[in-house]
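Have a look at the structure below before the remarks.
The values are calculated or read from the model by the stated rules, or taken from the named source; none is laboratory data. Nothing here was measured: the structure is a model prediction, and the numbers come from that model. Ideal geometry is used to build each Cβ from the backbone, glycine not excepted, and the neighbour counts take in all protein chains shown.
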Amino acid sequence: MIDKLRGNIKLKDIELVNLINLSEQEKLEILNWRNNPEIRKWMYNTDIIHEREHLNFIDGLASNNQNFYWLGKDNQGDKLGVINLIRVHLKNRNAYLGIYANLGLKKIGKGKYLMDGLIQLAFEVINLHTLKLEVISTNLNAIKFYSKFGFQEEGLLRDFVFSDNQWQDVIVMGAKNPAG
């Protein structure tokens with residue numbers, strides 16, 4: 001299964017290209033998305049990520065057996081954004097997800113395509129039992145978005161992230177595989 005997760009995966013409405021398989025240009029394009037202030041402000045690390053740091057991170061994914069990142073492309077080849085499964089535990093059939101859209105692409109439904117693909121990957125391809133996520137409690141749009149996909153609040157990490165010169169709570173949300 002690990003080899004499959006390191007590869008590119010074609011699903012119903014989305015192609016997932018593992019970041020380790022991207023061209024140098026595509027890797028730098030993703031770095032620009034990640035450094036966008038509208039993306040960065042909701043991350044645990046709100047600092048600007050430098051090119052060498054980003055490329056080293058992606059290189060390290062080639063030997064990482066728990067964290068996997070993909071560029072999501074729709075059937076027209078448009079680059080929708082990045083999804084990830086981290087802390088993947090195949091024995092316990094669980095993982096945490098992450099997602100951010102390509103804000104430069106003016107296309108309605110990017111997030112839905114990405115999340116549908118992520119859920120299909122997690123529950124149908126990998127057969128995970130549960131999928132978790134962490135979201136800063138003031139990110140109300142994201143919380144509403146995740147709720148539309150069946151994620152429910154499962155816990156609260158108080159004062160977990162220092163952002164905007166203040167401590168922020170983080171909500172843990174989760175969803176179970178409907179097939180068991």
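A few points about this structure:
- Residue ID - surrounded by the fewest Cβ atoms within 10 Å (Cβ to Cβ), chosen from residues in the range 155-173 that are at pLDDT 95 or above and among the acidic types (Asp, Glu): Asp159
- Scope the range 75-94; condition in contact (Cβ under 8 Å) with a residue 60 or more places away in the chain and under 16 Å from the mean Cα position of the chain (by Cα); matching residues: Leu80, Val82, Ile83, Leu85, Val88
- Consider the range 1-30 and keep the residues that are touching a Leu at 6+ places or on another chain (Cβ under 9 Å) and more than 25 Å from Asp116 (Cβ to Cβ). The one that is surrounded by the fewest Cβ atoms within 10 Å (Cβ to Cβ) is Glu24.
- Residue under evaluation Lys4, criteria (1) farther than 21 Å from Ile136 by Cβ; (2) in a loop (DSSP other than H, G, I, E, B), criterion not met: (2)
- When each of Val135, Val125, Val172 is tested for being farther than 26 Å from Asp78 by Cβ and aliphatic (A, V, I, L, M), the lone residue that passes is Val172.
- Those residues of the range 113-145 which are of a type in the set (S, T, N, Q), in a helix (DSSP H, G or I) and farther than 17 Å from Val82 by Cα, in sequence order: Asn141
- Arg40 falls short on exactly one of the conditions (1) over 25 Å from Ile126 (Cβ atoms); (2) more than 16 Å from the chain's Cα centre (by Cα), and that condition is (2).
- Residue count for the range 87-122 under the criterion of being surrounded by 15 or more Cβ atoms within 10 Å (Cβ to Cβ) and farther than 13 Å from Leu11 by Cβ: the result is 14.
- Test result for Ala62, farther than 28 Å from Leu157 by Cα and either acidic (Asp, Glu) or touching a helix residue (DSSP H, G or I) at 6+ places or on another chain (Cβ under 9 Å) (or both): yes
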